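Have a look at the structure below, then the notes.
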Amino acid sequence: MATIGFIGLGNMGLPMAKNLLKAGHAVQGFDVSKAQADALAAAGGTAAGDVAGAAAGAEIVVTMLPAGQQVREVYLGAGGVLASAAPGALLIDCSTIDVATARDVSKAAEGRGHAMLDAPVSGGVGGAQAGTLTFMVGGTDAAFARAKPVFGAMGKTIVHAGGSGNGQAAKICNNMVLGISMIAVSEAFVLAEKLGLDAQRLFDIASKSSGQCWSMTSYCPVPGLVPASPANRDYQAGFTAAMMLKDLKLAQDAAAAAGATTPLGADAARIYEAYVASGEAGRDFSGVIRFVRG
Ligand code: NAD
C-alpha cells in the first residue's frame with residue numbers, strides 16, 4: 001500500500017480520497033478549505049497544511065482541482081507539487097482541464113524526473129462515492145501500469161487514451177457529444193409536445209429506434225420517464241449546467257487550437273451559456289429543456 005498525497009478535496013476529491021483510504025492506502029490531503037482536509041482526517045487520513053505537506057514523502061500525488069489555472073498553481077507554483085514531491089513520485093491530475101495545460105504541466109513534471117498522467121473522470125459525485133468512476137488516461141504505458149491499481153480503488157472503467165493530454169481530449173470530446181445530445185433530445189420532446197405527441201409515447205418509440213441515446217434513455221430531461229433522471233427532482237444536480245458549459249468551452253478552445261470545425265459544439269456552448277446566464281448555473285444540465293421550451 002502506498003502513501004498518497006491528495007490535493008483538492010471537494011465534491012469529487014473527498015470521496016475519491018476516502019476510497020483510497022478504504023483500499024488501505026495512507027492519504028495525506030490538502031485543500032484551501034480547511035474543513036475539507038479536516039473531513040479527510042475524520043475519515044482516517046491526514047490533513048496537510050499546504051500543497052508541499054500533502055506531496056512530501058508521497059509515492060503518488062493525485063490532484064482534483066477546479067480548472068487549469070489551479071492545476072498550474074498547484075504543480076508549478078513556489079512550494080508546489082514539482083518543488084515538493086519525492087524523487088520519482090508519480091503525479092496524477094484527475095481535474096478536467098484544457099489539453100494544453102495538461103501537456104505543459106506534464107512536460108515540466110518530466111523535466112523534474114516525475115512521470116505524470118492526465119486522468120479526468122466521468123461518473124459524477126455518485127460515481128466518486130461508489131468508486132465506480134471512469135478514468136480516461138493520458139501518459140506513458142509505464143506510468144499507466146503503475147497507476148492502474150490506484151485508479152482501481154476509485155473507479156471501475158480505466159482506459160488508456162494514449163500520450164499526454166489524450167485523457168483530457170477524450171473527456172471534452174465525450175462531453176461535447178453529451179451537451180449536444182441533451183439539447184437534441186430536449187428539442188425533440190418540446191417539438192413533440194407542440195405537435196400533440198405524448199412524451200411517454202415518443203419515449204417508447206425513440207428509445208427503441210435510431211434516436212436512442214444516453215441523454216434519452218439514462219438521463220431523460222422530461223420528468224417521469226426514466227427513474228434516476230434529475231428531471232424527477234426539479235433538475236437538482238447531478239452534473240451542473242455550469243460544469244457542462246465549462247467542458248463545452250474547453251472543447252471549443254481545443255477545436256480552435258487544432259483547426260477542427262465543430263458547429264454543433266459551438267451552438268451547444270452558446271445555448272448552455274445562455275441557460276447558465278438565466279440564473280441556472282447550479283441546476284442539472286438536463287434542465288436545459290426548460291430553456292429550450294422558452
Ligand atoms: P469542487 O469545487 O467541489 O472541488 C474543488 C476543490 O479544490 C475545492 O474543495 C477547492 O477548495 C479546492 N481547491 C481549489 N484551489 C485549490 C488549491 N490551489 N489548492 C488546494 N485545493 C484547492 O469541484 P468538483 O466538483 O470536486 O470538481 C473537481 C474537478 O472534477 C473539476 O475539474 C471538474 O470539472 C471535474 N469533474 C466534476 C464532476 C462533478 O460531477 N462534480 C464530474 C466529472 C469531473
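For the stretch 277-283, 3J(HN,Hα) computed residue by residue from phi via the Karplus equation (6.51, -1.76, 1.60; θ = phi - 60°) reads 5, 7, x, 10, 3, x, 7 Hz, glycine and proline entered as x. Across the options GLY24, ALA109, PHE6, the greatest Cα extent toward the positive end of the charge dipole of the stretch 1-141 (unit charges at beta carbon of Lys, Arg, Asp, Glu) belongs to GLY24. Computed over the chain, relative contact order equals 13 percent, with contacts defined as Cα pairs under 8 Å that lie 6+ residues apart.
Summing Cβ point charges (Lys, Arg +1; Asp, Glu -1) relative to the Cα centre of the chain gives a dipole of roughly 340 debye. Relative contact order of the stretch 169-293: 34 percent, from C-alpha pairs under 8 Å at least 6 residues apart in sequence. At full extension, ALA108 and ALA228 could sit 39.0 nm farther apart than now, given 0.36 nm per residue minus the alpha carbon distance.
In this simple spin-label model, placing a label point 7 Å from the Cα along the Cα-to-Cβ direction at both ASP50 and TRP214 gives a separation of 4.0 nm. Counting only aspartates and glutamates at least 8 places from LYS34 when in the same chain, those with an alpha carbon closer than 16 Å to its own are ASP50.
Kirkwood hydrodynamic radius of the chain, from the reciprocal of the average inverse Cα-Cα distance over all distinct pairs: 19.9 Å. In the distance distribution for the stretch 97-225, Cα-Cα pairs more than 25 Å apart total 42 percent. The Rg/Rh ratio for the stretch 3-163 is 0.92, where Rg is the radius of gyration of the alpha carbons and Rh is the Kirkwood radius. Dipole of the chain computed with +1 at Lys/Arg Cβ and -1 at Asp/Glu Cβ about the Cα centre; of VAL99, ALA266, GLY162, farthest Cα towards the positive end is GLY162.
Taking the chain as the reference, fit the longest principal axis to its C-alpha atoms, fit the long axis of helix 141-154 to the helix C-alpha atoms, and give the angle between the two in degrees, 0 to 90, nearest 10. Roughly 70 degrees, rounded to the nearest 10.
Here the stretch 125-174 and the stretch 52-101 have alpha carbon centers that stand 16 Å from each other. The charge dipole of the stretch 169-293, taken about its Cα centre with unit charges on the Cβ atoms of Lys, Arg (+1), Asp and Glu (-1) only, comes to about 60 debye.
Relative to the longest principal axis of the Cα atoms of the chain, helix 99-111 runs at roughly 10 degrees. Bridge orientation summary for the chain: considering DSSP beta bridges with both residues in this region, about 15 percent are antiparallel.
A dipole drawn for the chain from +1 and -1 charges on Cβ atoms has a positive end, and of LEU40, GLY131, ALA256 the residue lying farthest that way is GLY131. What the Cβ-Cβ distance of ALA277 and ALA83 gives, at R0 = 41 Å and to the nearest 0.05, is a FRET efficiency of 0.55. Calculate the length of the line joining the C-alpha centroid of the stretch 1-48 to that of the stretch 185-220, in whole Å. The two parts, judged by their Cα centres, are 42 Å apart. Heavy atoms of the protein chains alone define the surface here; on that basis the chain has 43 Å² accessible area per residue at 1.4 Å probe size. Across the stretch 3-163, Cα pairs under 8 Å and at least six residues apart give a relative contact order of 19 percent. This model, with +1 at the C-beta of Lys and Arg and -1 at the C-beta of Asp and Glu, gives the stretch 5-105 a dipole about its Cα centre of some 200 debye.
The values are calculated or read from the model by the stated rules, or taken from the named source; none is laboratory data. On a predicted model such as this, the values are computed, not experimentally measured, just so you know. Neighbour counts run over all protein chains shown; Cβ positions are idealised from the backbone, glycine included. These area figures cover heavy atoms from the full protein model, side chains too; ligands, DNA and RNA do not enter into them. Shrake-Rupley method; radii C 1.70, N 1.55, O 1.52, S 1.80 Å.
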